[in-house]
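What follows is a short report on a single structure.
The values are calculated or read from the model by the stated rules, or taken from the named source; none is laboratory data. Just so it is clear, the model here is predicted, and its values are computed rather than measured. Don't worry about glycine lacking a Cβ; one is built from the backbone with ideal geometry, like all the others, and counts go over all protein chains shown.
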Amino acid sequence: MMKHLFLSLLICLGFGSCQKETKPVTFAIVSDIHQDIAHDAEERLSTFLHAAEENQVDFIIELGDFCMPKEENKPFLKLWQDYPGEKHMVFGNHDMDNCSKEEFIRFTGMQSPYYSFDKGDFHFIVLDPNNIYDGEKYLPYDKGNYYKAEKISLVDPEQMEWLKKDLQATDKRCIIFSHQSFECSSENREDIRKIFEEENRRAGYKKVAVAFSGHDHTNYMKEINGIAYIQINSASNQWVGEKYACPERFSDEINQKRPALKYTLPYKDALYGIVTLTDKGMDLKGVKSEFIAPGPEELGITDRSQPLVPWIEDLQLTF
């Protein structure tokens, strides 16, 4: 018996430690597919879902601006619903352009505007900044009401209190998902960042490590006080508006089917990421594509404040 214990000790010393390593958690992430703008959104979603199955991910997540609840969008939604693995949704602002949050939830089966879940040694938090403040109270996005509001993209006070309690209730490392970014897009982003940073100080380590977002159709990472804020590019396109409209890019038939498509710079391929998390850090494998001509140079687009690129770059982070 003592001989066996001695051999076990030697094995442990030889490998440096007997501690069990964290099992990696892998997920596939996509954002801003825009079924109601992109004429080939079903094909793009199928490409993403196929990649998720091929990589045997633990779950998939989409970061909003998915589709409006219309009868004609049911085949698109069915692609998502038929995916055999675990899946999660995030509210995007355009998801409520023709409906309320409750109507979108009934249509898609999304579980809640904001929620959290565990996978392996990680805690994942989905937040919802799709609220306006009318000067007296916070109101959810509803049938495009945010277009005329002055204070938009807000996390309401009730949700902030829930977030504080949810963070304190877990001892796992936390990953955040939202549509609007807490680096630049959400109007009360500083309040949310303060909650993240206070929890990290309380925990004594980088407990909130990464915050993923979509919305801006761009690709970059910015670190603020130790937390990485990562922009996940649209799966489909960049919105450029009437100034750079290009109806000649697609046929009359396609333009009639998707009238807003001419106001975008579409990507040739579907963009998405495969993310692997370990106790040591994060590895993001993205997709590189190109613009469907004419591109930004041909159209003379020079007034972008964020990167205008047709890709999601690979990224590695250390925790």
Would you check if there is a residue in the range 180-190 being closer than 20 Å to Phe319 by Cβ and either outside any loop (DSSP other than H, G, I, E, B) or touching a helix residue (DSSP H, G or I) at 6+ places or on another chain (Cβ under 9 Å) (or both)? yes
Give just the number: which of (1) assigned to a loop (DSSP other than H, G, I, E, B); (2) more than 13 Å from Val309 (Cβ to Cβ); (3) not basic (Lys, Arg) does Asn233 not satisfy? (2)
Give the residues of the range 302-318 that are buried (at least 16 other Cβ atoms within 10 Å of the Cβ) and in a loop (DSSP other than H, G, I, E, B), sorted by residue number. Leu308, Val309, Pro310, Ile312, Glu313
Where Lys243 falls short, out of the listed (1) within 23 Å of Thr47 (Cβ to Cβ); (2) surrounded by fewer than 18 Cβ atoms within 10 Å (Cβ to Cβ); (3) more than 16 Å from the chain's Cα centre (by Cα): (1)
Could you grab me the full set of residues in the range 69-96 that are part of a strand (DSSP E or B) and buried (at least 20 other Cβ atoms within 10 Å of the Cβ)? Met89
Since Asn255 meets every condition but one in (1) closer than 24 Å to Pro24 by Cα; (2) in contact with a Pro (Cβ under 9 Å, 6 or more places away or on another chain); (3) not in a loop (DSSP other than H, G, I, E, B), which condition does it not meet? (1)
Cβ-Cβ distance below 6 Å, separation of 6 or more or different chains: which pairs start in the range 104-120 with a residue that is closer than 21 Å to Asp156 by Cβ and end on one that is among the β-branched types (Val, Ile, Thr) and part of a loop (DSSP other than H, G, I, E, B)? none
Would you say Asp82 is closer than 28 Å to Asp279 by Cβ, out of contact with any helix residue (DSSP H, G or I) (no Cβ under 7 Å at 6 or more places or on another chain) and of a type in the set (D, E, K, R)? no
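A quick yes/no check of all residues on (1) within 24 Å of His50 (Cα to Cα); (2) in contact with a His (Cβ under 9 Å, 6 or more places away or on another chain); (3) modelled with pLDDT of 95 or more:
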{"residue": "Leu79", "(1), (2), (3)": "yes, no, yes"}
{"residue": "Arg106", "(1), (2), (3)": "no, no, yes"}
{"residue": "Gly109", "(1), (2), (3)": "yes, no, yes"}
{"residue": "Ser116", "(1), (2), (3)": "no, yes, yes"}
{"residue": "Asp128", "(1), (2), (3)": "no, yes, yes"}
{"residue": "Gln159", "(1), (2), (3)": "no, no, yes"}
{"residue": "Trp162", "(1), (2), (3)": "no, no, yes"}
{"residue": "Thr170", "(1), (2), (3)": "no, yes, yes"}
{"residue": "Arg173", "(1), (2), (3)": "no, yes, yes"}
Any idea how many residues of the range 279-301 are touching a residue at least 60 places away in the same chain (Cβ under 8 Å) and either over 15 Å from Ala228 (Cβ atoms) or assigned to a strand (DSSP E or B) (or both)? 3
Can you confirm whether Phe66 is within 18 Å of the chain's Cα centre (by Cα), among the aromatic types (Phe, Trp, Tyr) and surrounded by fewer than 15 Cβ atoms within 10 Å (Cβ to Cβ)? no
